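Below is one structure; the comments refer to it alone.
The values are calculated or read from the model by the stated rules, or taken from the named source; none is laboratory data. Bear in mind the structure is a predicted one, so any value in this text is a computation, not a measurement. Glycine gets a Cβ as well: all are built from the backbone with ideal geometry, and neighbour counts include every protein chain shown.
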Ligand code: ADP
Ligand code: MG
């Protein structure tokens, strides 16, 4: 039986965190002052404009967590992404968004750098996380991991894993499975390495598309989706399937078009490119103002595809990325305000039990059917082989019984025998010919059945290889990534314990100061 506690929907807000990237070389050379400071204790970001008269007070915004420019990729993963991936592995939907101006670290946060394992971003770390979970699961649990990778540019959806990345795909809706992209390529993956290779293919296609259209990938939205299905026999003896879907979203740059100096058709095009982003803003506003009865999800491809992520069935975290330089003051404030509003979005989440579109169920049914077919063909083969053997034996044993000829004279007997022999030989030849023909047909049939059996076996193997069994040895190159993650998680736990101890010490000191103070008062 599905766990009752997990079937009940939970209401929770979208989590919003802010990450500040370090000053880059150009900003340093330009001598742009730093206008951002992060307070990790109170989870606030303060933005102060220097050299303004009259001086302005800092603008302060609060979030669920804030990360300064020294925060490592591993810490970001362990603190913001890992809890969402854990929930996806339990059968919830999850979404991790990166939102911010171009050049503030969205792609660095989501994909990261390839140069060193510790510089890798959320996407490759989530691969290592998912497959390490499967490798540690019990062998009574089965898994299926499937990925898609798409891009939305100019309100057109393109398949980054398909044969033609230039082709625009349709967004459709079905009552049983909701919104989906028609003909989007889904890959079943077996380990983290394979998943990385697939992501690299998609990234290359994203780049090719962008170059061909003389645009930049920063103007498109990329959605990498990983579906993790798992099945296990419950206490009721039946097999239950759960499905968690993780969307990893690298949004287009949020800068206003005026800054890119686009005019005429370029401006019109740019407006359309950012239609998804402005509708996303409208959706957020409508969700949080408490008055709107209509949420304009259908006004853009992005919001249609991510309907569940905002105000629906998904555990969602938005990572707002900002730069520290004062030259970007306006954009930074705009990102911080946008992100601040998103904090108030309420989602209703539940475990996706027995989903109608689970591949695991379909594959398992096909596997069972193939096994049954294989059994039948094995029986057929056995029967055919027996029949062939019998026919062959019969063919070699071609004696015909001689009728009684005892009461005939020897001459007559001789003639009769000769006739009989000739007759018999003729008959035998015909019979043998006929029998051989039947035997040949039977043998051909046997060959066909054997070929069919081989095909069935191959198909079964292909299907079975898609399904991963808990505890399977999936260790590969991504093992380094997994070890780094585990190390980062234990370091974080250590830091948390230290902080707790410090806090307790502080409280003890406060209490003792209070006691002394009380004593003092009593004495006087
Ligand atoms: P975006 O995707 O938002 O346009 P990028 O992720 O491409 O921005 O980042 C722009 C540049 O800044 C890249 O060279 C990237 O390596 C660097 N960068 C971004 N964030 C960080 C960070 N937290 N630490 C170090 N370098 C960063
Ligand atoms: Mg980018």
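Worth pointing out:
- Residues in region 85-100 include at least one that is at positive phi and within 16 Å of ligand 1 (Cβ to nearest atom).
- Region 144-178: number of residues that are under 18 Å from residue 300 (Cβ atoms), modelled with pLDDT of 90 or more and part of a strand (DSSP E or B): 11
- Qualifying residue in region 240-251 (condition: at pLDDT below 90, crowded, with 23+ Cβ neighbours inside 10 Å and within 14 Å of ligand 2 (Cβ to nearest atom)): no
- Helices (runs of 4 or more DSSP H) (entirely within region 1-118) containing at least 3 residues that are within 16 Å of ligand 2 (Cβ to nearest atom) and in contact (Cβ under 8 Å) with a residue 24 or more places away in the chain: 106-110
- Qualifying residue in region 452-472 (condition: part of a helix (DSSP H, G or I), more than 37 Å from the chain's Cα centre (by Cα) and at pLDDT 80 or above): no
- Residues satisfying the stated conditions in region 143-168, i.e. surrounded by fewer than 18 Cβ atoms within 10 Å (Cβ to Cβ) and touching a strand residue (DSSP E or B) at 6+ places or on another chain (Cβ under 8 Å): 156, 166, 167, 168
- Among residues of region 271-298, those that are surrounded by fewer than 18 Cβ atoms within 10 Å (Cβ to Cβ), part of a helix (DSSP H, G or I) and modelled with pLDDT under 80, counted: 2
- Lone unmet requirement of (1) touching a helix residue (DSSP H, G or I) at 6+ places or on another chain (Cβ under 9 Å); (2) at negative phi for residue 103: (2)
- Residue under evaluation residue 139, criteria (1) touching a helix residue (DSSP H, G or I) at 6+ places or on another chain (Cβ under 9 Å); (2) under 27 Å from residue 191 (Cα atoms); (3) more than 13 Å from ligand 1 (Cβ to nearest atom), criterion not met: (1)
- Answer residue from region 119-130, given it is touching a residue at least 60 places away in the same chain (Cβ under 8 Å) and within 13 Å of residue 480 (Cβ to Cβ) and is farthest from ligand 2 (Cβ to nearest atom) among those: 128
- Selection status of residue 116, under 16 Å from the mean Cα position of the chain (by Cα), within 16 Å of ligand 1 (Cβ to nearest atom) and surrounded by fewer than 22 Cβ atoms within 10 Å (Cβ to Cβ): no
- Tallying residues that are touching a strand residue (DSSP E or B) at 6+ places or on another chain (Cβ under 7 Å) and more than 16 Å from ligand 1 (Cβ to nearest atom) within region 53-84 yields 8.
- Checklist (1) under 11 Å from residue 280 (Cβ atoms); (2) touching a helix residue (DSSP H, G or I) at 6+ places or on another chain (Cβ under 6 Å) applied to residue 320, failing item: (1)
- Per the listing 183, 140, the residue uniquely loosely packed, with under 14 Cβ neighbours inside 10 Å and at positive phi is 183.
- Number of the condition not met by residue 40 [criteria: (1) surrounded by 16 or more Cβ atoms within 10 Å (Cβ to Cβ); (2) farther than 23 Å from residue 309 by Cβ]: (1)
- Residue 500 being at pLDDT below 85 and either surrounded by fewer than 12 Cβ atoms within 10 Å (Cβ to Cβ) or under 23 Å from residue 147 (Cβ atoms) (or both): yes
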